[in-house]
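Let me begin by presenting the structure, written as structure tokens, before commenting on it.
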Amino acid sequence: MASLQVPVRSRRARFGVFAADLRSGELYKQGLKIKLQDHPFQILALLLERPGELVTRQELRDRLWSADTFVDFDVGLNTAVKRLRDALGDDAETPRFIETLHRRGYRFLAPVQWESESAIAQTATPAEAKLAPHAGHSSTARLSTRWILPAWIALAATAALLVSFGAPRVRHIFLPAAAARIQSIAVLPLENLSGDPGQEYFADGMTDALIAHLARINSLRVISRTSVMRYKAARKPLAQIARELNVDAIVEGSVVRSGNRVRISAELFQAAPERQLWADSYERDMADVVALEDDVSRAVAREIQIKLTPQEQARMQTGRPVQPAAYEAYLRGRYFWNLRTMDGVKKSAAYFQEAIRDDPTYALPYAGLADAYNIMGFGVIHLMDSNEAGPKAIAAADKALALDDSQAEAHTALAFALHRFKGDWAGAEREYQRAIQLNANYALAHMWYGHLLFEVRRTKQACDEFDRARNLDPINPNVSQWLAACLAEGGHSDKAISLLQETIEFDPKRPNIRWALGDLYERKGMYPEAIRQYEKGAEVNGRDSYVLALLASAYAGSGNSTEAEKLLREMKRREGKENPYLFAFVYARMGRTEDELRYLEEAYADHSWGMILLRQEWRFDPVRSDPRFQSLLQRMNYPGIPSSK
């Protein structure tokens, strides 16, 4: 490799509107720092050191990876160069900065100006000046706020990569401890560096596992999967992500899988002051992948200096080995379950069952199967009769808990099944509370517990649970939807409307948020606004029976019975099997009490998903005192209402 052409005291190169600080590993565009990972920056540094020259792929490999490094070099290099081009706004076809020389390497095209430290001090922007060493101080490089110095990188690379492939883990970089206490953290989606898009489920699954492991620390607020997945492949600065998620620290990294070997590389960044605190790499066989996840989570807990209770220490201990085939099937199952589509839920159940066949003593697939049955038997994705889905969900959750009673996921799945299918309000509440005791960071448990409290009109407690769920899952629109409903029920409809409007601004393509906002408008008598929101939701999701019922309700409430009747006829034509609950609340708005109560009886006999909301559905307020409606409430076994048995 040619000797460096950089003056001894130089630390920064300028090209176009960019400045690259080779000592701190930072890239600026017009004074604003741009997020750029380690390998792309090292490639940029080498190109800047030799502008106009060919830098071969082999030279880049020698600089970035040692011969025994566990990575697909071609994929890794191509990915790193693509990220560098993205950061520079460059195009491979018409390059301004980086030219590709096919099969040979790359060449830097733009003029490069190297600046001395004194020149930097005179020309730095305010943002850059904060990072420059004080005059008269040693030229020893300080830690950057995003990447460590090239010298540290080289040292870490030597320590981390010159180990045998079979080493269980690589020693980590020791960095200064955090100046401020870290009480909240987000794990960004791990990047799939396997070179196979089909392995995306594996990277997502490892992200979920790391979140789940850290979430066992109740004194640490850990952001839920739903919110962090919004940042997958995002190019936002870490400081901005931390602000949006309201966290003190962020973990990001990558996962590589090759055959039966897995490597996770992770880095921990503090948000304020912005700095890298720790970096490490871990390798294991697939059979030891649970231990690998434990290693990473315990290392993060150690670095942020969180004090663990004895119970948390026990839960953080290495779990039992898992059959690799079972673990892989479980990850696939969770990947498809998280899609929350009809096809995805069916696939998830099949993969969970495959995992159980491969390893019948592995508890997590049973909890996953219970979750799948819960969705299949209740709600919009109605793939199984509730009389069949309920017992299957309970049996799967019971089996998971028999194998491992410490699983918050299994307690939550059991609570949901008892709640939705059995009407066992007390039993469900005990299970929700047990899940939260085990994992206070499990947003789904807080949200579903909030549903239970909302449905039995313990409104203040319900709002508290929804608020906790939102604190853990701030970008999940479903949490915002139910918090808004709870606020409206508590007499704060304007706050609820404002919350949903903010949610729509962030995510305008969520039909359920449109419908929830329309429902609030309709309840306030703002019928044109309600109809507009219902129609906007239909533009995204289509005109299914649910949105037709909402529109019919709004038209009936506004006095337009002709349009309401027209929509009812369309509902009856579209339904293969009538959903009686939807017809009941349309007839309620039309004032047709006999039809309303007849359809409610059918909905009760059919275990229609809407019946769980019977006690708090505002459209039924005019008939609440009717003995026939009171009889339905008694049969629903709501707490505080005497049973008719």
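Structure above, values below:
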read-out	value
Those residues of the range 426-452 which are crowded, with 18+ Cβ neighbours inside 10 Å, more than 25 Å from the chain's Cα centre (by Cα) and not small (Gly, Ala, Ser), in sequence order	GLU429
Residue match in the range 495-514 (condition: over 29 Å from the mean Cα position of the chain (by Cα) and either touching a residue at least 12 places away in the same chain (Cβ under 8 Å) or part of a helix (DSSP H, G or I) (or both))	no
Wholly enclosed helices (runs of 4 or more DSSP H) of the range 191-277 bearing at least 3 residues of a type in the set (A, V, I, L, M)	200-215, 238-245
Any hit, the range 547-561, residues being outside any helix (DSSP H, G or I) and of a type in the set (Gly, Ala, Ser)	yes
Condition check for ARG221: modelled with pLDDT of 90 or more, under 29 Å from ILE436 (Cα atoms) and of a type in the set (Lys, Arg)	yes
Tally, over the range 52-74, of residues that are surrounded by 19 or more Cβ atoms within 10 Å (Cβ to Cβ) and modelled with pLDDT of 85 or more	2
Single residue of ARG420, ARG470 found to be assigned to a helix (DSSP H, G or I), over 24 Å from the mean Cα position of the chain (by Cα) and closer than 27 Å to ILE513 by Cβ	ARG420
Qualifying positions in the range 585-634 - assigned to a loop (DSSP other than H, G, I, E, B), among the acidic types (Asp, Glu) and more than 22 Å from LYS524 (Cα to Cα)	ASP606, ASP626
Odd one out for LEU193 among (1) surrounded by fewer than 20 Cβ atoms within 10 Å (Cβ to Cβ); (2) more than 16 Å from the chain's Cα centre (by Cα)	(1)
Complete set of residues in the range 339-362 that are in a loop (DSSP other than H, G, I, E, B) and farther than 20 Å from ALA402 by Cβ	LEU339, ARG340, THR341
Selection status of ASN441, touching a residue at least 60 places away in the same chain (Cβ under 8 Å), closer than 19 Å to THR226 by Cα and assigned to a helix (DSSP H, G or I)	no
Residue within the range 307-318 that is closer than 30 Å to PHE421 by Cα and not in a loop (DSSP other than H, G, I, E, B) present	no
Qualifying residue in the range 263-275 (condition: more than 30 Å from ASP405 (Cβ to Cβ), within 14 Å of the chain's Cα centre (by Cα) and of a type in the set (Phe, Trp, Tyr))	no
Of the criteria (1) part of a helix (DSSP H, G or I); (2) within 24 Å of GLY198 (Cα to Cα), which one ASN387 fails	(2)
Filtered residues of the range 585-610 (kept if crowded, with 21+ Cβ neighbours inside 10 Å and within 20 Å of GLU489 (Cβ to Cβ))	PHE585, ALA588, ARG589
Qualifying positions in the range 515-541 - hydrophobic (A, V, I, L, M, F, W, C) and under 29 Å from the mean Cα position of the chain (by Cα)	TRP515, ALA516, LEU517, LEU520, ALA538, VAL540
The range 528-571, residues that are among the polar types (S, T, N, Q) and farther than 13 Å from ARG514 by Cβ	SER545, SER553, SER558, ASN560, SER561, THR562
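The values are calculated or read from the model by the stated rules, or taken from the named source; none is laboratory data. It should be emphasised that the depicted structure is a prediction, and the values quoted were computed from it without experimental measurement. No Cβ is skipped: glycine too gets one built from the backbone with ideal geometry, and neighbour counts run over all protein chains shown.
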